[in-house]
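Quick notes on the structure that follows.
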Amino acid sequence: MKRLLVLTGGGDCPGLNAVIRAIVKRAAQEKDWEVLGSIQAYNGILWEPTEVVRMTPETVRGIHFRGGTIIETTNSGGPFNWPVKNADGTWTTVDRSDEMLRKLQYMGIDAVISIGGDGSQRISQKLYEKGLNIIGVPKTIDNDLSMTECTFGFQTAVQIATEAVDKLVTTAASHNRVFVLEVMGRDAGWIALHSAIAGGAEVCLLPEFPYDINVVKERLEQRFNRDRGFAVVVASEGARPKDGTQVYEISGEVGYENKKLGGIGRRLIEELKAAGFTHGMRETTLGHLQRGGVPIAYDRVLSAEFGVKAFEMVLNRQFGQMVAYQHPNVVAVSLKEAVAQPNFVTIDSDLVRTAQGLDISLGI
């Protein structure tokens, strides 16, 4: 009996369970494969005792529409940066990757499928270079992985953000106010751009294009006749003003390396007031509401395609590669190429031209 280990790393994302279910159901057709799930990404292997679960078609029955992941996830630490507490109470990190590879060999693991975003797939590439038979599945609501036209979870996040814009339009119109909606995306503005177009926002601020507060103010002023009018601004959490910085704080969580972005909505309102904008303003931050809940049909289908393809790549021994969607096909691409450069919004993209054609200001 051959053994496949499946893990989910990074932030949670709508569609994770649908991928897990697809892998398990496809593997069951081969009769000679056993599928194990590692709890909290690589933690389940590195912990003592090991924490893995056997997954069968029965254990994954009906999970495809559930948010989150049944095998849990983490975006802290990892095999190359395992947190260790020193005697004086401070923390350091150690590389446990060789130890983990030996443990996987002892457990009889023939292949690994890692479902995760940019950070997770960078780990996948490093483990592949150390000899691990590994396949990547791209997961992130930020849609910032290259070599794939879309990552699962993104469209659900866009739907949630768009519904928020729809709701804010009605209250903004009722109160003659400007509402700033802060959405996720880290350094990529895809969620903000899609939801601004879908929801009909007047302004959309993206990390890729630092904004001029006076341009934003002028655009919003056009929405008011004396004290009557309203507007909705969609701001990606990584947006920043010209000659300014992103709003973030350093996490105190052990092993968490990313900046904790957040607060652009509040800062934008303060900047607009300082620039002389006098109309009423409020901010709304969606936060983790974009990550949870039921995946929409699009993401369920894409997740199912990714899961089936990932296992078939294991059968074909296409290790060191990642599943990708390149319309209209689901294909295998190089992990190394997929993580070489992030997928960012560019000024010459069709979507930016569409936003500009709709008279949505990017603040530039």
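The values are calculated or read from the model by the stated rules, or taken from the named source; none is laboratory data. From a predicted model like this one, the values you see are computed outputs, not experimental measurements. Here the Cβ positions follow ideal geometry from the backbone for every residue, glycine too, while neighbour counts run over all protein chains shown.
Considering each of ARG267, ARG282 in turn, give the residue that is in a strand (DSSP E or B) and modelled with pLDDT of 90 or more.
ARG282
Kindly provide the set of residues from the range 334-360 that are among the β-branched types (Val, Ile, Thr) and in a loop (DSSP other than H, G, I, E, B), ordered by number.
If the condition is that a residue be among the β-branched types (Val, Ile, Thr) and in a loop (DSSP other than H, G, I, E, B), then VAL339, VAL345, THR346, ILE347, ILE360 are the ones that fit.
Step by step: first the residues of the range 87-117, then only those that are out of contact with any Ser or Thr (no Cβ under 8 Å at 6 or more places or on another chain), touching a residue at least 24 places away in the same chain (Cβ under 8 Å) and in a helix (DSSP H, G or I), then the one that is surrounded by the fewest Cβ atoms within 10 Å (Cβ to Cβ). Which residue is that?
Step by step, filter the range 87-117, then rank; the result is ASP98.
Name the residue that is modelled with the lowest pLDDT, counting only residues in the range 209-253 that are crowded, with 18+ Cβ neighbours inside 10 Å and of a type in the set (S, T, N, Q).
My answer is GLN246.
Of everything in the range 141-189, what is in contact with a strand residue (DSSP E or B) (Cβ under 9 Å, 6 or more places away or on another chain) and among the acidic types (Asp, Glu)? Give them in sequence order.
GLU149, GLU182, ASP187 - these are the residues of the range 141-189 that are in contact with a strand residue (DSSP E or B) (Cβ under 9 Å, 6 or more places away or on another chain) and among the acidic types (Asp, Glu).
Looking at (1) over 19 Å from LEU36 (Cα atoms); (2) surrounded by 21 or more Cβ atoms within 10 Å (Cβ to Cβ), which one does GLY78 not meet, given that it meets all the others?
Result: GLY78 fails condition (1) only.
Residues that are in contact with a Phe, Trp or Tyr (Cβ under 8 Å, 6 or more places away or on another chain), at pLDDT 95 or above, assigned to a helix (DSSP H, G or I) and crowded, with 21+ Cβ neighbours inside 10 Å: does the range 320-333 have at least one?
no
Matching residues to (1) outside any loop (DSSP other than H, G, I, E, B); (2) among the charged types (D, E, K, R); (3) within 30 Å of PRO83 (Cβ to Cβ):
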| residue | (1), (2), (3) |
| --- | --- |
| PRO14 | no, no, yes |
| ASN17 | yes, no, yes |
| LYS25 | yes, yes, no |
| VAL35 | yes, no, yes |
| ALA41 | no, no, yes |
| GLU48 | no, yes, yes |
| ARG54 | yes, yes, yes |
| ARG61 | no, yes, no |
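For the range 293-307, does any single residue satisfy the condition of being outside the structural domain of ASP166 (by TED's automatic domain parsing), of a type in the set (S, T, N, Q) and farther than 30 Å from ALA111 by Cβ?
Among the residues of the range 293-307, not one is outside the structural domain of ASP166 (by TED's automatic domain parsing), of a type in the set (S, T, N, Q) and farther than 30 Å from ALA111 by Cβ, which makes the answer no.
Residue-by-condition table, conditions (1) outside the structural domain of ARG317 (by TED's automatic domain parsing); (2) among the hydrophobic types (A, V, I, L, M, F, W, C); (3) farther than 21 Å from ARG102 by Cα:
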| residue | (1), (2), (3) |
| --- | --- |
| LEU7 | no, yes, no |
| ARG21 | no, no, yes |
| ALA28 | no, yes, yes |
| ASP32 | no, no, yes |
| ASN43 | no, no, no |
| PRO49 | no, no, no |
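Quick one: which residue in VAL345, VAL331, VAL301 is free of Cβ contacts under 8 Å to residues at least 60 places away in the same chain and under 18 Å from SER146 (Cβ atoms)?
So the residue among VAL345, VAL331, VAL301 that is free of Cβ contacts under 8 Å to residues at least 60 places away in the same chain and under 18 Å from SER146 (Cβ atoms) is VAL331.
Quick one: how many residues across the range 224-273 are of a type in the set (A, V, I, L, M, F, W, C) and without any contact (Cβ under 8 Å) to a residue 12 or more places away in the chain?
Matching residues across the range 224-273 total 1.
Under the condition of being of a type in the set (S, T, N, Q) and farther than 15 Å from SER303 by Cβ, which residue from the range 18-70 is surrounded by the fewest Cβ atoms within 10 Å (Cβ to Cβ)?
So in the range 18-70, the residues of a type in the set (S, T, N, Q) come out as 29, 38, 40, 43, 50, 56, 59, 69.
The next check asks that each one be farther than 15 Å from SER303 by Cβ; those that pass are 29, 38, 40, 43, 50, 56, 59.
Details: GLN29: 10, SER38: 26, GLN40: 20, ASN43: 21, THR50: 15, THR56: 13, THR59: 15.
Ranking the qualifying residues of the range 18-70, first place goes to GLN29.
Return the total of residues in the range 213-253 being within 27 Å of ALA157 (Cα to Cα) and in a loop (DSSP other than H, G, I, E, B).
11
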